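The next block holds one structure in the form of structure tokens; read it before the comments.
The values are calculated or read from the model by the stated rules, or taken from the named source; none is laboratory data. Values in this document were obtained by computation on a predicted structure and should not be read as measured data. Note that we place each Cβ from the backbone using ideal geometry, even for glycine, and neighbour counts take in every protein chain shown. To get the accessible areas, we keep the full protein, side chains included, count just its heavy atoms, and leave off ligands, DNA and RNA. Shrake-Rupley method; radii C 1.70, N 1.55, O 1.52, S 1.80 Å.
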Amino acid sequence: MRKNTCGPARMICVLLLALTCVLQATAQTHPSRTNKEPHLDAQQYMDILGQAITLLQERYVDSINWSKALSAGLNAALYELDPYTEFYSEDDQNDWKTMTTGEYGGVGALIQQHGDTVVVANPYVGKPAHKAGLRAGDAILKIGEEPMLKKTTSQVSDKLRGEAGTTFRLTYQRPFEDTVRTVEIKRQKITLDAVPYYGWLTDSIGIIQLEQFTDKASLGVQSALIDLRADKAHTLAGLVLDLRSNPGGLVEEAVKIVSMFVPKGSTVVETKAKLAQWNSTFRTNTHPIEPDLPIVVLVDRGSASASEIVSGALQDLDRAVILGERTFGKGLVQSSASLPYNTLIKFTSAKYYIPSGRCIQAIDYSHRNEDGSVGRIPDSLTHVFHTANGREVRDGGGIKPDMEEKPMVMSHLLWFAMQKSAIFDYATRYRHFHDSIPPVKEFSLTDEDYAEFSQSMMRWEKDSLLKAYDIRLAHDLDSLRQEMSGALECEIALRYYNTPGRTAKYLESDLWVEKAKETLRNRKKYKSILKTH
């Protein structure tokens, strides 16, 4: 959660200024809603707000944190416009930087709540936490001299982060050990990998996982492509580009990624704003490095914004087969503008239009229901557009895949085990009692291992959630062994081979990846999908 640290007087000035802009925009954006209310212009609202603040400052029974109250009020007003328009205080600049660059000062580790403690979930290789010897499962007891018991993950994260180069002492306890450990850690600039994994699915089909569109995303994809092409043990004849659950980011990075696969000068996306002079057209300005490589792009309902630009442009240009679920449908462009006292506002400034001319935005925030709610644009109100080869595609609701797949849903048993941290705890125990495991592709749980896990699960046999979700513990542990073993093997692989190990293990049983491999192997089918129907 972002914090506001500007002094109250300064914050009030900032918020009044920003709120003026918000109210003006709201009146233009939602005219039908203001028709039923007394007409007040922006300046009149400012007069009312100013007098209200003066009155409350003098007569409210308790002291008021105006910085907090008005910041919350401003963000509530901005949310009325859409969920993507936000105010950032001076302290929030680090959040903004992390969003756009993937960089922050810290120790480089994921953490998670585990009862009354916060534990390390994944120390990134080569980062301070990993160098200090921390493992998944280690319970964080103190940071410096401040106890961390009964703290939230957000509170602990705030203490772990800080200026690169600063040091602190971390006190922690490893499971199955009585001794409390203390280590000194130096924070450094952490850059999150936009491409956390790339590798081989077969001898000739590679995969690149792209998690976010930071300012280094295209470099990550390009580096992965070059490495795959240079691998003398394999011949790159097909590529799976995995954009699942990628929320998007910088449009410029999306354009650079598309440019790796399509001719120079191709239009990738246009942005259309309120005024024509603010419109932009983004075209590829480099020659492709893989102009003919067959591609399958994986998307799901969590693929949004820049992910939809990449998948939509490649679909419109008939350059890749899109496989998975219909994407999120975020076709809105965000820009930022500086406000006084080192604050800024992120606001929606335009809409995206991909090569066929369609907009992928699924929700019209400017036309709300009477209760203020919004809904997706129904299919009956969408319009037909055409790809370069003449295939029909539609606007108004994200990217519809060429090959639609059913969502991969976990069983109630696996959900229950995740909620109780049973998968995490068993992997922690396994790591403690096993110094090593075989390579990922050779590793699997034995019958004895799974029996041990099943026995550990029986401590929950009287939990009320089992009945609520119709989970028959002993029966389901047996009938769902394949799913449960797969989840356990992925978590255990993480403990020995880090994120690439877990990903490689998961991909072995990924049904969508199997469909993508089949499509790339069957060139006749692949080409027929991209032709006019």
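Of all residues being more than 30 Å from the chain's Cα centre (by Cα) and not hydrophobic (A, V, I, L, M, F, W, C) in region 176-190, which is farthest from GLY133 (Cα to Cα)? Just the residue, please.
Ranking the qualifying residues of region 176-190, first place goes to ASP178.
Test GLU211 against the stated conditions and say whether it is under 30 Å from HIS114 (Cβ atoms) and either small (Gly, Ala, Ser) or over 20 Å from the mean Cα position of the chain (by Cα) (or both).
no
May I ask you to verify whether GLU392 is under 25 Å from the mean Cα position of the chain (by Cα), open to solvent by 90 Å² or more (accessible area, probe 1.4 Å) and acidic (Asp, Glu)?
no
Select from region 101-122 the residues that are touching a helix residue (DSSP H, G or I) at 6+ places or on another chain (Cβ under 7 Å) and small (Gly, Ala, Ser) and list them in ascending order.
Selection gives GLY106, GLY108, ALA109.
Only residues that are without any contact (Cβ under 8 Å) to a residue 40 or more places away in the chain, farther than 20 Å from PRO291 by Cβ and either open to solvent by less than 30 Å² (accessible area, probe 1.4 Å) or touching a His at 6+ places or on another chain (Cβ under 9 Å) (or both): list them for region 189-219, please.
Within region 189-219, VAL195, TRP200, ASP203 qualify.
Just checking, how many residues over region 440-466 are under 14 Å from GLY501 (Cβ atoms) and either among the basic types (Lys, Arg) or without any contact (Cβ under 8 Å) to a residue 24 or more places away in the chain (or both)? Give the steps one after another, and end with the answer.
Applying the first criterion (under 14 Å from GLY501 (Cβ atoms)) to region 440-466 yields 440-444.
Still in the running and either among the basic types (Lys, Arg) or without any contact (Cβ under 8 Å) to a residue 24 or more places away in the chain (or both): 441-442.
Within region 440-466, residues that are under 14 Å from GLY501 (Cβ atoms) and either among the basic types (Lys, Arg) or without any contact (Cβ under 8 Å) to a residue 24 or more places away in the chain (or both) number 2.
Which numbered condition trips up LYS441, out of (1) modelled with pLDDT of 95 or more; (2) out of contact with any Gly (no Cβ under 7 Å at 6 or more places or on another chain); (3) part of a helix (DSSP H, G or I)?
(1)
What's the total number of residues in region 366-389 that are more than 26 Å from the chain's Cα centre (by Cα), among the hydroxyl-bearing types (Ser, Thr, Tyr) and either part of a loop (DSSP other than H, G, I, E, B) or farther than 23 Å from TYR353 by Cβ (or both)?
Residues meeting the conditions: 2.
In this structure, does LEU494 turn out to be assigned to a helix (DSSP H, G or I), touching a Phe, Trp or Tyr at 6+ places or on another chain (Cβ under 8 Å) and open to solvent by less than 60 Å² (accessible area, probe 1.4 Å)?
no
Is there any pair with a first residue in region 275-302 that is farther than 18 Å from GLN209 by Cβ and a second that is among the acidic types (Asp, Glu) and open to solvent by 60 Å² or more (accessible area, probe 1.4 Å) whose Cβ atoms are under 8 Å apart and which are 6 or more apart or on different chains, and what are they?
Sorted first by the residue in region 275-302, then by its partner, the pairs are ASN279/GLU270; SER280/GLU270; THR281/GLU270; PHE282/GLU252; PHE282/GLU270.
Scan region 322-339 and tell me whether some residue there is modelled with pLDDT under 90, more than 30 Å from THR519 (Cα to Cα), more than 21 Å from the chain's Cα centre (by Cα) and in a loop (DSSP other than H, G, I, E, B).
Scanning region 322-339 turns up no residue that is modelled with pLDDT under 90, more than 30 Å from THR519 (Cα to Cα), more than 21 Å from the chain's Cα centre (by Cα) and in a loop (DSSP other than H, G, I, E, B).
How many residues, within region 430-446, are over 19 Å from SER509 (Cα atoms) and surrounded by fewer than 17 Cβ atoms within 10 Å (Cβ to Cβ)?
5
Given the options GLN455, GLN419, name the one that is of a type in the set (S, T, N, Q), within 29 Å of the chain's Cα centre (by Cα) and open to solvent by 60 Å² or more (accessible area, probe 1.4 Å). Give the derivation first.
Details: GLN455 fails: within 29 Å of the chain's Cα centre (by Cα).
Of GLN455, GLN419, the one residue that is of a type in the set (S, T, N, Q), within 29 Å of the chain's Cα centre (by Cα) and open to solvent by 60 Å² or more (accessible area, probe 1.4 Å) is GLN419.
Out of TYR430, TYR426, I need the residue that is of a type in the set (Ser, Thr, Tyr) and either under 13 Å from MET484 (Cα atoms) or outside any helix (DSSP H, G or I) (or both). Which one?
TYR426
What are the residues in region 335-358 that are surrounded by 14 or more Cβ atoms within 10 Å (Cβ to Cβ), farther than 14 Å from LYS274 by Cα and hydrophobic (A, V, I, L, M, F, W, C), if any?
LEU339, LEU344, ILE345, ILE354
Do we have any residue at all in region 159-176 that's of a type in the set (Gly, Ala, Ser) and either part of a helix (DSSP H, G or I) or open to solvent by 40 Å² or more (accessible area, probe 1.4 Å) (or both)?
yes
How about region 177-201: which of its residues are of a type outside the set (Phe, Trp, Tyr) and outside any loop (DSSP other than H, G, I, E, B)?
Within region 177-201, VAL180, ARG181, THR182, VAL183, GLU184, ILE185, LYS186, GLN188, LYS189, ILE190, THR191, GLY199 meet the criteria.
Being in contact (Cβ under 8 Å) with a residue 40 or more places away in the chain and either out of contact with any Gly (no Cβ under 7 Å at 6 or more places or on another chain) or more than 27 Å from PHE87 (Cα to Cα) (or both) is true for just one of VAL118, VAL125. Which residue is that?
From the options VAL118, VAL125, the qualifying one is VAL125.
Which members of region 123-156 meet the condition of being of a type in the set (S, T, N, Q) and either within 29 Å of ASP435 (Cβ to Cβ) or modelled with pLDDT under 95 (or both)?
Passing the criteria: only SER154.
What number goes with the only condition from (1) open to solvent by 30 Å² or more (accessible area, probe 1.4 Å); (2) on the phi < 0 side of the Ramachandran plot; (3) assigned to a loop (DSSP other than H, G, I, E, B) that ILE471 does not pass?
(1)
Across region 340-365, what is the total count of residues that are part of a loop (DSSP other than H, G, I, E, B), touching a residue at least 24 places away in the same chain (Cβ under 8 Å) and either among the acidic types (Asp, Glu) or in contact with an Asp or Glu (Cβ under 9 Å, 6 or more places away or on another chain) (or both)?
10
Contact list please: Cβ distance under 7 Å, first residue in region 513-533 and farther than 16 Å from LEU314 by Cβ, second residue open to solvent by 60 Å² or more (accessible area, probe 1.4 Å), pairs at least six apart or on different chains.
Correct list of pairs: THR532/ASN389.
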